[in-house]
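Enquirer: Below you'll find the structure I mean.
The values are calculated or read from the model by the stated rules, or taken from the named source; none is laboratory data. All figures in this text were calculated on a predicted structure; none of them were measured in a lab. Positions of Cβ are backbone-derived with ideal geometry, glycine not excepted, and every protein chain shown enters the neighbour counts. Areas reflect the complete protein model, heavy atoms only, side chains present, ligands, DNA and RNA absent. Shrake-Rupley method; radii C 1.70, N 1.55, O 1.52, S 1.80 Å.
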Amino acid sequence: MKVAGWIDRLGSVWVEGQLTQINARPGTRTAFLVLRDPSADMSLSVTCSPQLLDRSPVPLTEGVRVILYGKLSFYTGRGTVSLRATDIRAVGVGELLARIERLRALLAAEGLFDPRLKRPLPFLPRTIGLITARASAAERDVLTVAQRRWPAVRFAVEHTPVQGPTAVPAILSALERLDADEGVDVIVLARGGGSVEDLLPFSDEALCRAISKATTPIVSAIGHEPDSPLSDHVADLRAATPTDAAKLVVPDAVAEQNLVADLRSRTAAALRNWVAREARGLEMIRHRPALADPVAGIDQRGEEIERLVDAGRRDVLRELAKQDTLALHLRARLQTLGPAATLARGYAVVQRMVAGGDPEVLRSAEDAPPGTQIRVRVADGAVTAAVMGKVR
């Protein structure tokens, strides 16, 4: 009772969600609805007047997003909470787009769209995680194109609703399972085209944040080229279509084989050109004089040395002859100017004999008084004599 009283004091509230069930029988005074939170596994029972449904300007069907105004009630016997709606407003496309744009600006401001956060895709993933609807064209396109491009590719497929109130919780669960699987290298979110309401789950804030927090690279392939839900901006790579996603994730085996063959051909050609270039270089080196006739240089140097030795010998002999002639001339001059030549011409050298000493040359007649012993040296010898007197 206290819970019922506390809820009753809350007053009227606005509640937004998706209609998953509408039960309005003709002739009854009450219509029963089920309102579900599109991003959480929660639902709320709603009652209203059938006339309220009929007066809606937009037909209310299951899956339509609406805003309800009413008062909450707690039923003690069943322990449940119900909303008695007094006003129902369908959320139009314009308002949905405005909300998506506001959410886009918020996520961009938080940096979830930053290209620096994008994780690179593996060149050849071992296993590809695929989240898509069961037996959908998107699943068929991804599997067919991927297996045609690389027959050995493996998939871990998670089938989930891709529109409606149960889509977001199911996609979040599948994304969590695939991200936790260490064998999955990349995850693809695939769905075909549709209206704004059909693609609304892929612009859900909870799903965008889950994609940003995932550790496995994620490819968003939602709708066709013009479609651009928020998951395209948060994912690591956006594919225009599911077929394009398969081409981006899986390499083409034929193209890779052709590339390998081309690289092998180019490598072989480059190697042959290098060998030919080196062979030409060796041939040019072989024809150089130093290698073609290594002894020729030594012979040339030997001949040059012999010429230099001969020239040196001639120069030495010439110089010796010159000096020999010069010595002869000097000898003749010395002989001509020497004392022996003078004596040979009739001159004599007179020396005074000194007792106890060497003879002294007599330079003056005064130095030889009579009786002085003298020594007279002539050309062929010497004689001794005594001074008899001095002659004027």
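Enquirer: What pairs come out if I take residues in region 10-27 that are in contact (Cβ under 8 Å) with a residue 40 or more places away in the chain and pair them with residues that are of a type in the set (Ser, Thr, Tyr) whose C-beta lies under 6 Å away, six or more apart or interchain?
Expert: Hits for this filter: Trp14/Tyr69.
Enquirer: If we scan region 339-357, do we find a residue that is open to solvent by 90 Å² or more (accessible area, probe 1.4 Å), farther than 21 Å from Ala382 by Cβ, assigned to a helix (DSSP H, G or I) and without any contact (Cβ under 8 Å) to a residue 40 or more places away in the chain? Let's see the steps before the verdict.
Expert: Going residue by residue through region 339-357, those that are open to solvent by 90 Å² or more (accessible area, probe 1.4 Å) are 339, 345, 347, 355-356.
Subsequent filtering for residues that are farther than 21 Å from Ala382 by Cβ retains none.
Scanning region 339-357, I find no residue that is open to solvent by 90 Å² or more (accessible area, probe 1.4 Å), farther than 21 Å from Ala382 by Cβ, assigned to a helix (DSSP H, G or I) and without any contact (Cβ under 8 Å) to a residue 40 or more places away in the chain, so the answer is no.
Enquirer: Can you tell me which residue within region 110-127, out of those that are basic (Lys, Arg) and touching a residue at least 40 places away in the same chain (Cβ under 8 Å), is most open to solvent (accessible area, probe 1.4 Å)?
Expert: First, the residues of region 110-127 that are basic (Lys, Arg): 116, 118-119, 126.
Right, trim to touching a residue at least 40 places away in the same chain (Cβ under 8 Å) and you get 118-119, 126.
Working: Lys118: 57, Arg119: 55, Arg126: 135 Å².
The selected residue is Arg126.
Enquirer: Starting from residues that are at pLDDT 90 or above and outside any loop (DSSP other than H, G, I, E, B), keep the ones in region 157-167 and report whichever is surrounded by the fewest Cβ atoms within 10 Å (Cβ to Cβ).
Expert: His159
Enquirer: Then there's this: Kindly list the number of the only condition in (1) part of a helix (DSSP H, G or I); (2) modelled with pLDDT of 90 or more; (3) not hydroxyl-bearing (Ser, Thr, Tyr) that fails for Pro201.
Expert: With respect to (1) part of a helix (DSSP H, G or I); (2) modelled with pLDDT of 90 or more; (3) not hydroxyl-bearing (Ser, Thr, Tyr), Pro201 is out only on (2).
Enquirer: Just to check your reading of the model, which residue among Thr86, Thr76, Thr28 is touching a helix residue (DSSP H, G or I) at 6+ places or on another chain (Cβ under 7 Å) and open to solvent by 70 Å² or more (accessible area, probe 1.4 Å)?
Expert: Values: Thr86 fails: touching a helix residue (DSSP H, G or I) at 6+ places or on another chain (Cβ under 7 Å); Thr28 fails: open to solvent by 70 Å² or more (accessible area, probe 1.4 Å).
Exactly one of Thr86, Thr76, Thr28 is touching a helix residue (DSSP H, G or I) at 6+ places or on another chain (Cβ under 7 Å) and open to solvent by 70 Å² or more (accessible area, probe 1.4 Å), namely Thr76.
Enquirer: Name the residue, out of Ala210, Ala221, Ala214, Ala146, that is within 21 Å of Leu112 (Cα to Cα), under 35 Å from the mean Cα position of the chain (by Cα) and surrounded by 22 or more Cβ atoms within 10 Å (Cβ to Cβ). Quick ask: steps written out before the conclusion?
Expert: Working: Ala210 fails: surrounded by 22 or more Cβ atoms within 10 Å (Cβ to Cβ); Ala214 fails: surrounded by 22 or more Cβ atoms within 10 Å (Cβ to Cβ); Ala146 fails: within 21 Å of Leu112 (Cα to Cα).
Step by step, each of Ala210, Ala221, Ala214, Ala146 is checked, and only Ala221 is within 21 Å of Leu112 (Cα to Cα), under 35 Å from the mean Cα position of the chain (by Cα) and surrounded by 22 or more Cβ atoms within 10 Å (Cβ to Cβ).
Enquirer: How many residues are at pLDDT 85 or above and of a type in the set (S, T, N, Q) when one looks only at region 47-99?
Expert: Residues flagged as at pLDDT 85 or above and of a type in the set (S, T, N, Q) within region 47-99 amount to 6.
Enquirer: Do we have Arg238 as out of contact with any Cys (no Cβ under 9 Å at 6 or more places or on another chain), surrounded by 15 or more Cβ atoms within 10 Å (Cβ to Cβ) and of a type in the set (Lys, Arg) here?
Expert: Numbers: out of contact with any Cys (no Cβ under 9 Å at 6 or more places or on another chain): yes; surrounded by 15 or more Cβ atoms within 10 Å (Cβ to Cβ): yes; of a type in the set (Lys, Arg): yes.
For Arg238, the condition - out of contact with any Cys (no Cβ under 9 Å at 6 or more places or on another chain), surrounded by 15 or more Cβ atoms within 10 Å (Cβ to Cβ) and of a type in the set (Lys, Arg) - is met.
Enquirer: Would you confirm, using the coordinates I've provided, whether Leu263 is modelled with pLDDT of 90 or more, within 30 Å of Arg119 (Cβ to Cβ) and assigned to a helix (DSSP H, G or I)? Show your work before the answer.
Expert: Numbers: modelled with pLDDT of 90 or more: yes; within 30 Å of Arg119 (Cβ to Cβ): yes; assigned to a helix (DSSP H, G or I): yes.
In short, yes.
Enquirer: When you look at Glu176, is it open to solvent by 20 Å² or more (accessible area, probe 1.4 Å), among the acidic types (Asp, Glu) and within 28 Å of Thr20 (Cβ to Cβ), yes or no? Give the steps one after another, and end with the answer.
Expert: Working: open to solvent by 20 Å² or more (accessible area, probe 1.4 Å): yes; among the acidic types (Asp, Glu): yes; within 28 Å of Thr20 (Cβ to Cβ): yes.
When the stated conditions are applied, Glu176 passes them.
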